[in-house]
Amino acid sequence: MPQQRSTAAEPRRRDPAATQKKLLVAARREFAQSGLAGARVDEIAARAGVNKQLVYHYFGDKDALYLAVLEWVYEEIRAKERELNLAGLPPDKAIKKLIEASFDHLAAHPDFIVLLNDENRSGARHVRGSRKLAAMHSPLVDMVSKILAEGIKAGTFRKGINPVHLYISIAGLSYFFFSNTPTLSAIFGKDLSSAAAKRARRKHVVDLVMQALRP
């Protein structure tokens, strides 16, 4: 009777997609914790459980890996926005949903804020060189423009709202809150990291933006 081959002794087949994902997850944690300057390729590889040379094989160098992480975190929020299906909603409900989703995403992904702060300190040199990021934001601006136009036509929104400035305001009202929670809490003597404080801030941001859009 022929013996069956033992699969236990066979070497594992390399899975490039899985390996790259492990490296991206590990790099995201390392860059958020230590910044680009302080992050170490050795530590990223160790976190991912792979050979350090695979970082260079798949991504080229630390800067390219950092850009890949930035593209990933931006794509996450763009994907969330696409999932909202705003095109089928009344204009006021669409903008309200966009505001809430922006706030909730930042609440759930504090590393996004840390990574963007680090990239801003470097003058956005990685973001400037990314074709992917430019392509991600164009559909977003178009979507907001269409929602505003529909709102003006319906008499829900006033004229003269710039879609880019609107989106920056929506993002900024939440971003500043989360990026400065420790100092704001200390200054005002309140725990702004509590669930109650976040709910209050979320409602305030929604109310403020919606009031600004009204005719």
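It is to be established whether one or more residues within the range 172-187 are surrounded by fewer than 13 Cβ atoms within 10 Å (Cβ to Cβ) and outside any helix (DSSP H, G or I). For the range 172-187, residues surrounded by fewer than 13 Cβ atoms within 10 Å (Cβ to Cβ) and outside any helix (DSSP H, G or I): absent. Residues of the range 99-129 that are in a helix (DSSP H, G or I) and of a type in the set (Ser, Thr, Tyr): SER102 alone. Of all residues in the range 20-49, those that are not assigned by TED's automatic domain parsing to the domain that holds ASN117 have Cβ atoms under 7 Å from Cβ atoms of residues that are buried (at least 21 other Cβ atoms within 10 Å of the Cβ) and among the aromatic types (Phe, Trp, Tyr), 6 or more apart or on another chain, in PHE31/TYR66; LEU36/TYR66; ALA39/PHE31. Set side by side, the residues ARG5, ARG82 differ, and just one is assigned to a loop (DSSP other than H, G, I, E, B) and at pLDDT below 95, which is ARG5.
Kindly check whether there is at least one residue in the range 130-149 that is in contact with a Leu (Cβ under 8 Å, 6 or more places away or on another chain), in the same structural domain as PHE178 (by TED's automatic domain parsing), under 26 Å from ALA39 (Cβ atoms) and assigned to a loop (DSSP other than H, G, I, E, B).
yes
Among the residues making up the range 185-211, those that are without any contact (Cβ under 8 Å) to a residue 40 or more places away in the chain and under 22 Å from GLU150 (Cβ atoms) are ASP207, LEU208, GLN211. Of the residues making up the range 114-129, none is buried (at least 18 other Cβ atoms within 10 Å of the Cβ), within 20 Å of VAL206 (Cβ to Cβ) and touching a residue at least 40 places away in the same chain (Cβ under 8 Å).
Candidates LYS80, LYS52: the one that is under 16 Å from LEU106 (Cα atoms) and either free of Cβ contacts under 8 Å to residues at least 40 places away in the same chain or within 9 Å of the chain's Cα centre (by Cα) (or both) is LYS80.
Which residues, counting only those in the range 90-147, are more than 28 Å from THR181 (Cα to Cα) and of a type in the set (S, T, N, Q)? Matches in the range 90-147: SER130, SER138, SER145.
If only one of LYS80, LYS93 is more than 30 Å from THR19 (Cβ to Cβ) and not aliphatic (A, V, I, L, M), which one is it?
LYS93
The condition of being part of a helix (DSSP H, G or I), at pLDDT 95 or above, farther than 14 Å from LYS96 by Cβ and under 25 Å from the mean Cα position of the chain (by Cα) holds for only one of LYS198, LYS203, LYS153, that being LYS198.
The values are calculated or read from the model by the stated rules, or taken from the named source; none is laboratory data. What you are looking at is a predicted structure, and each value in this text was computed from that prediction instead of being measured. For neighbour counting, all protein chains shown are included, and Cβ atoms are generated from backbone atoms with ideal geometry for every residue, glycine included.
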